[in-house]
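Here's the structure, in structure tokens; my notes come after.
The values are calculated or read from the model by the stated rules, or taken from the named source; none is laboratory data. As the structure is a prediction and not an experimental result, all values here were calculated from the model. Methodologically, a virtual Cβ is constructed for each residue, glycine included, from the backbone with ideal geometry; neighbour enumeration extends over all protein chains shown.
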Amino acid sequence: MGKQHSKLEEKALSHLWMPTQDWTELAEDGITVMTEADGVHIKDSNGRWGYDGVAGLMLVNVGHGRQEIVDAISKQLSTLHYANTFKYASEPTIQFAAKIASLTPGDLNRVYFTSGGSEAVETALKIAYRYHYNRDEPNRNKFIGREGSYHGTTRGALSVSTSSYLDRPSYNEILPDNFVMAPQPSFYRRQDSSLTSSEFSIQCANAIEELILQEGPETIAGVIAEPISFSAGIAIPDVDYWPLLRKICNKYGVLLIADEVITGWGRTGKWFAMEHWGVTPDIMTMAKGITSGYFPVGACVVTDTVFENFQGGSEKTYRHGITYGGHPGGAAAGLANVAIMERESLVENSAKMGKLMLEQLNSLNEHPTVGDIRGLGLMCAVELVSNKETKQSLYENTEAINLLNQKISENGLYTRVGRQVFFAPPLNVTESDVTQMVKIFAEALTDTEQDLKLG
């Protein structure tokens with residue numbers, strides 16, 4: 001069995017192009033091949049089971065091995081596996097659109113399906129511009145985004161993203177020059193330590209208004225932001241931020257786009273994270289947990305007011321399409337996924353288990369390498385530092401990060417270790433699961449600190 005997996009790994013190294021990976025490192029260290037998953041656990045080709053600490057890519061919300069979803073997809077594919085999505089609708093797609101509309105905040109009632117998050121953002125940006133174009137404001141072609149945000153890898157989505165993970169500078173020459181960057185409400189990393197959380201969040205929101213005025217309101221199409229930025233290390237704004245940003249966008253006729261690709265579908269303890277602040281955006285993007293990864297589906301949802309501006313003749317029609325957007329199999333997967341979430345109260349469990357996880361992680365505050373601990377629902381992070389006073393990131397210590405990652409995975413927790421260690425498991429975790437995951441991390445962190453004499 002081991003020899004077979006070794007051959008499989010060699011085949012991967014010869015033919016598979018892994019996203020975002022340093023190929024030199026992969027060739028040296030090898031590729032981890034996953035073979036099986038069940039519940040909140042996943043197994044590699046060496047037979048080692050471990051907790052799926054980040055739910056795949058923050059998306060396996062109902063957990064692995066849900067035969068109910070597999071059966072729903074199979075049943076739909078055996079009846080109608082595809083019909084021209086540019087011309088025809090299917091029953092599950094209609095039903096799923098209605099279900100999404102019933103769960104999203106306010107009057108976000110019109111659903112445009114895609115096959116992933118980047119496509120959903122791409123769709124949202126084009127809708128935002130075309131909305132203004134249809135209202136005889138074609139000069140509104142700029143977008144404001146936030147420092148460190150990740151909205152996707154397609155050209156448009158990348159143009160409003162600044163996460164270092166995306167290597168944006170190397171693509172600058174082919175990106176549209178219509179993006180303005182605003183500060184991220186990352187309280188731990190604020191430059192003025194005298195500011196309270198509320199003051200800092202208000203300052204960040206006001207900075208967006210200043211940018212709108214600086215660029216000229218008549219040139220701004222939209223502001224795009226994650227309710228809580230995962231890519232910025234779980235940057236959670238204070239309660240004032242989103243209501244104020246909504247007010248600012250209304251004041252200048254700018255569309256507010258909430259990117260809920262990661263935060264949506266129960267991840268933060270609400271169906272959608274914007275519910276924490278009682279704010280309805282003009283456009284909301286979603287993917288990942290929409291089907292828990294059982295089928296590639298994304299969506300862009302707009303308010304009735306936005307959609308009204310695409311009615312009234314062919315000259316106002318939104319001519320944009322995704323071949324697999326609105327796929328019947330994907331809609332069947334989504335309906336089954338949501339049914340499980342409702343039946344098992346997984347959104348409520350996310351809130352409850354997330355609170356427990358944060359409490360247990362907070363017990364690690366005395367570690368010399370722990371700078372900050374934050375989270376909402378089952379989306380938590382521990383920020384690692386080499387110096388608590390200066391907040392110098394431990395990420396600069398490659399040996400420490402690599403050793404910690406090795407110890408965590410060897411002890412049975414698969415997660416993302418970098419500037420932060422992330423905890424975003426499937427939403428069906430139990431108290432014992434949470435306790436064990438935190439224990440694995442705590443022991444690995446202690447061992448790493450002792451082995452390398454950190455702190």
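Set side by side, the residues ILE257, ILE248 differ, and just one is over 25 Å from ALA101 (Cα atoms) and among the hydrophobic types (A, V, I, L, M, F, W, C), which is ILE248. Among the residues of segment 27-46, those identified as small (Gly, Ala, Ser), without any contact (Cβ under 8 Å) to a residue 40 or more places away in the chain and more than 29 Å from GLY375 (Cβ to Cβ) are ALA27, GLY30. So the check is Cβ under 8 Å with 6+ separation or different chains; which pairs have a first residue in segment 122-141 that's assigned by TED's automatic domain parsing to the domain that holds ILE224 and over 22 Å from GLN214 (Cβ atoms) and a second one that's assigned to a helix (DSSP H, G or I) and among the basic types (Lys, Arg)? Once the first residue is assigned by TED's automatic domain parsing to the domain that holds ILE224 and over 22 Å from GLN214 (Cβ atoms) and sits in segment 122-141, its partners that are assigned to a helix (DSSP H, G or I) and among the basic types (Lys, Arg) give GLU122/ARG155; ASN134/LYS316. Go through the residues of segment 185-195 one by one and say whether even a single one is outside any strand (DSSP E or B), free of Cβ contacts under 8 Å to residues at least 24 places away in the same chain and buried (at least 17 other Cβ atoms within 10 Å of the Cβ). Looking for residues that are outside any strand (DSSP E or B), free of Cβ contacts under 8 Å to residues at least 24 places away in the same chain and buried (at least 17 other Cβ atoms within 10 Å of the Cβ), one finds at least one in segment 185-195, hence yes.
Quick check on segment 259-277. Is at least one of its residues in a strand (DSSP E or B) and modelled with pLDDT of 95 or more?
Yes, some residue in segment 259-277 is in a strand (DSSP E or B) and modelled with pLDDT of 95 or more.
Here is a check on your reading of the model: is GLY293 within 19 Å of the chain's Cα centre (by Cα), under 22 Å from ALA72 (Cβ atoms) and either part of a loop (DSSP other than H, G, I, E, B) or in the same structural domain as THR104 (by TED's automatic domain parsing) (or both)? The answer is yes for GLY293.
Residue-wise test of (1) of a type in the set (A, V, I, L, M); (2) out of contact with any Phe, Trp or Tyr (no Cβ under 6 Å at 6 or more places or on another chain); (3) surrounded by 23 or more Cβ atoms within 10 Å (Cβ to Cβ); (4) not assigned by TED's automatic domain parsing to the domain that holds THR415.
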{"site": "ALA332", "(1), (2), (3), (4)": "yes, yes, yes, yes"}
{"site": "ASN365", "(1), (2), (3), (4)": "no, yes, no, no"}
{"site": "GLY377", "(1), (2), (3), (4)": "no, yes, yes, no"}
{"site": "LYS391", "(1), (2), (3), (4)": "no, yes, no, no"}
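This table checks each residue for (1) at positive phi; (2) among the polar types (S, T, N, Q); (3) surrounded by fewer than 24 Cβ atoms within 10 Å (Cβ to Cβ); (4) in contact (Cβ under 8 Å) with a residue 40 or more places away in the chain.
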{"residue": "LEU255", "(1), (2), (3), (4)": "no, no, no, yes"}
{"residue": "ALA258", "(1), (2), (3), (4)": "no, no, no, no"}
{"residue": "LYS270", "(1), (2), (3), (4)": "no, no, yes, yes"}
{"residue": "HIS276", "(1), (2), (3), (4)": "no, no, yes, yes"}
{"residue": "VAL302", "(1), (2), (3), (4)": "no, no, no, yes"}
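Cβ-Cβ distances below 9 Å connect the following pairs, each with a first residue in segment 403-425 that is on the phi > 0 side of the Ramachandran plot, a second residue that is in a loop (DSSP other than H, G, I, E, B) and of a type outside the set (Asp, Glu), and a separation of six or more residues or different chains: GLY412/ARG48.
Tally time: how many residues in segment 1-53 are hydroxyl-bearing (Ser, Thr, Tyr), surrounded by fewer than 13 Cβ atoms within 10 Å (Cβ to Cβ) and at pLDDT 90 or above? Selection size over segment 1-53: 2. The set of residues from segment 388-444 being touching a strand residue (DSSP E or B) at 6+ places or on another chain (Cβ under 9 Å) and β-branched (Val, Ile, Thr) comprises ILE401, ILE408, THR415, VAL417, VAL421, VAL429, VAL434, VAL438, ILE440.
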